[in-house]
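Taking it in order: structure first as structure tokens, then the write-up.
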Amino acid sequence: MPLALITGITGQDGSYLAEFLLEKGYRVVGLVRRSSDPNYSRIEHILDKIELVEGDLTDLSSLITIVEKYKPDEVYNLAAQSFVPTSWEQPLLTTDVNAMGVTRLLEAIRQAHPKARFYQASTSEMFGHVREMPQNEKTPFYPRSPYAVSKVYGHWITVNYRESYGLFAVSGILFNHESPRRGLQFVTRKVTHGVARIKLGLANELRLGNLEAKRDWGFAGDYVRAMWLMLQQDEPEDFVIGTGESHSVRELCEIAFSHVGLDYRDYVVIDPKFFRPAEVNILLADASKARRKLGWEPRVSFEELIRMMVEADLERLQHDLDYAQTTAE
């Protein structure tokens, strides 16, 4: 039975990847930070099928101990400070986790179990102020936030450990991928949750920033499959993963509101405080290499994804309302 170690297992991608690997017959070990109030909501339904171990990307000794103990066949580094606006407020923390944290984990693997195959979660935000359209594995990076800069470091240190020490280490340059498990601070979930609140009479407006920003959005469940495929190849290579379609925040709003029979123009308010200091206006993936070499392509369309998220938020909020009403009686 192959063993996979996942950092960031309690996050969106970590939870979908854990489910995927369990279905593949893996023994799944998840690295979780020491916390007085851990949030296991995304993995609650599989807690009896996985193992959790305490460790931290800021603590090399804990990572070495864990890698020595489990000797994982595959290591997926999905842990990060992953919210772009927060990276402006906490640039040093973002750098320590997203840049130095990758180095520590690679160093732990090099010292304790160099046979492990390593996956680094890179991001389309590294392209930033894009130099060409669409973006592929050879497109130069031009990061536009502390988050993106930290991820560029994580990407290149992975390349360096691969080329210098012969580790099977790859980076997946994943474009935006969403799901009902996405955090509320991300714009897709902010919109779908806001739509559900408005539909249920809990709010009367949704405040957003730049409606013209465009992203290549896909379904997280599709993208974790690509992560796994990268570690099954004969040779370690980096891959861009995305849908090849670009949609604006305005389109996102149109689909989400129309799904519940509303017009977004009646509810969306532009708020300057939600504009980024340095905006990334458009990202668009060229994932032809992944289609050719991995046989990967997305299965869920943008429209299906947004409707799925709206439905999930409606169901969650309605459940909360029903529960509150029941306890009040």
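The values are calculated or read from the model by the stated rules, or taken from the named source; none is laboratory data. Not measured: the values here are computed from a predicted model. Neighbour counts run over all protein chains shown; Cβ positions are idealised from the backbone, glycine included. Heads up: the accessible areas ignore ligands, DNA and RNA and are worked out on the full protein's heavy atoms, side chains in. Shrake-Rupley method; radii C 1.70, N 1.55, O 1.52, S 1.80 Å.
Values as computed for the structure displayed
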read-out	value
T94 being surrounded by fewer than 20 Cβ atoms within 10 Å (Cβ to Cβ) and among the hydroxyl-bearing types (S, T, Y)	no
Filter result for the condition that a residue is touching a Leu at 6+ places or on another chain (Cβ under 7 Å) and either more than 18 Å from L174 (Cβ to Cβ) or of a type outside the set (F, W, Y) (or both), over A4, A18	A4
Long-range neighbours under 6 Å by Cβ, at least six apart or interchain, first residue of a type in the set (A, V, I, L, M, F, W, C) and open to solvent by 20 Å² or more (accessible area, probe 1.4 Å) within segment 163-176, second modelled with pLDDT of 95 or more and assigned to a loop (DSSP other than H, G, I, E, B)	F168/P236
Helices (runs of 4 or more DSSP H) contained entirely in segment 2-102, each with at least 1 residues that are more than 24 Å from S150 (Cβ to Cβ) and within 18 Å of the chain's Cα centre (by Cα)	12-23
Segment 240-267 residues that are open to solvent by less than 30 Å² (accessible area, probe 1.4 Å), paired with ones that are modelled with pLDDT of 95 or more and of a type in the set (G, A, S) (beta carbon under 6 Å, 6 or more apart)	V240/A285; V240/A287; I241/G172; I241/A226; I241/A287; I241/A290; G242/A285; G242/A287
Verdict on H129 being of a type outside the set (S, T, Y), farther than 23 Å from I66 by Cα and open to solvent by 20 Å² or more (accessible area, probe 1.4 Å)	yes
Neighbours by Cβ (under 7 Å, 6+ apart or cross-chain): first from segment 284-305, touching a residue at least 12 places away in the same chain (Cβ under 8 Å); second of a type in the set (D, E, K, R) and open to solvent by less than 20 Å² (accessible area, probe 1.4 Å)	L284/D216; A285/D216; P298/D222; R299/D222; V300/D222; L305/E178
Failed item, numbered, when S122 is tested on (1) farther than 21 Å from I6 by Cβ; (2) open to solvent by less than 20 Å² (accessible area, probe 1.4 Å); (3) among the hydroxyl-bearing types (S, T, Y)	(1)
Residues of segment 174-222 satisfying the condition of being under 19 Å from R250 (Cβ atoms), touching a Phe, Trp or Tyr at 6+ places or on another chain (Cβ under 7 Å) and assigned to a loop (DSSP other than H, G, I, E, B)	N176, E205, G209, N210, D216, W217
